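Q: Structure below; questions to follow.
The values are calculated or read from the model by the stated rules, or taken from the named source; none is laboratory data. Please read all numbers here as calculations on a predicted model, not as lab measurements. Glycine also receives a Cβ, built like all others from the backbone with ideal geometry; neighbour counts cover every protein chain displayed.
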Amino acid sequence: MEKVTIYTDGACSGNPGPGGWGAILMYKDNKKEISGGKKDTTNNIMEITAVIEGLKMLKYPCEVDLYSDSAYVVNCFNQGWIYNWQKNNWKTANKEPVKNKELWEELYKLTKVHKVNFIKVKGHSDNEFNNRCDELARQAIKEL
């Protein structure tokens, strides 16, 4: 299985409001930047979308180190929230419907294709790739 590194970030101007996402995929000496946006969205939707879009770029099953500054995304898998949501018919511990269910379902399917290691990075710090993803996300908002 090939090893790929992906950095992702999402941004929103207002929450909800116009949003953007960015991802950087790195494989050996190759680096690819992707981004996109949506006129009316939330920061969490953009964070999840960045991860989905990054993983969708992979042409075959890979081992992925996925870096995100979103505790929401990273903890969902590393703390097992998503497995509990599924067991509880997509309800939270408070018996509320899980927000962004369709995105979580899509992301979960992608984690069945790829072996994804979710890694939390500190946002807006000195991580050049996280900072670049933030730039890509903010640029996508401007381009809407």
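Q: Out of E47, E106, E33, report the one residue that is at pLDDT 95 or above, of a type in the set (D, E) and out of contact with any strand residue (DSSP E or B) (no Cβ under 9 Å at 6 or more places or on another chain).
A: Selected residue: E106, the only one of E47, E106, E33 that is at pLDDT 95 or above, of a type in the set (D, E) and out of contact with any strand residue (DSSP E or B) (no Cβ under 9 Å at 6 or more places or on another chain).
Q: Taking region 83-108 on its own, how many of its residues are closer than 18 Å to L66 by Cβ and in a strand (DSSP E or B)?
A: Of the residues in region 83-108, 0 are closer than 18 Å to L66 by Cβ and in a strand (DSSP E or B).
Q: Which condition does S125 not pass, out of (1) within 21 Å of N43 (Cα to Cα); (2) under 13 Å from the mean Cα position of the chain (by Cα); (3) without any contact (Cβ under 8 Å) to a residue 60 or more places away in the chain, if it passes all the others?
A: (2)
Q: Further question on the same structure: Of the conditions (1) touching a strand residue (DSSP E or B) at 6+ places or on another chain (Cβ under 6 Å); (2) assigned to a loop (DSSP other than H, G, I, E, B), G22 satisfies every one except a single condition; which number is it?
A: (2)
Q: For residues in region 109-139 being in a loop (DSSP other than H, G, I, E, B) and modelled with pLDDT of 95 or more, which is nearest to V51 (Cα to Cα)?
A: H114
Q: In region 54-69, how many residues are under 8 Å from the mean Cα position of the chain (by Cα) and outside any strand (DSSP E or B)?
A: Final tally of qualifying residues: 1.
Q: Hey, another quick one. Counting only residues that are in contact with a helix residue (DSSP H, G or I) (Cβ under 6 Å, 6 or more places away or on another chain) and modelled with pLDDT of 95 or more, how many does region 14-24 have?
A: The number of residues fulfilling the criteria is 7.
Q: For residues in region 26-55 being touching an Asp or Glu at 6+ places or on another chain (Cβ under 8 Å) and over 19 Å from K142 (Cβ atoms), which is surrounded by the most Cβ atoms within 10 Å (Cβ to Cβ)?
A: The extreme case among them is I52.
Q: I'd like to know if region 115-125 contains one or more residues that are in contact with a Cys (Cβ under 9 Å, 6 or more places away or on another chain) and surrounded by fewer than 16 Cβ atoms within 10 Å (Cβ to Cβ).
A: Looking for residues that are in contact with a Cys (Cβ under 9 Å, 6 or more places away or on another chain) and surrounded by fewer than 16 Cβ atoms within 10 Å (Cβ to Cβ), one finds at least one in region 115-125, hence yes.
Q: What are the residue pairs meeting all of these: first residue in region 80-106, first residue under 21 Å from M46 (Cβ atoms), second residue part of a loop (DSSP other than H, G, I, E, B) and polar (S, T, N, Q), Cβ atoms under 9 Å, and 6 or more apart or on different chains?
A: That search, which allows pairs on different chains as well, returns W81/T92; W85/T92; V98/N88; V98/T92; K99/T42; K99/T92; N100/T42.
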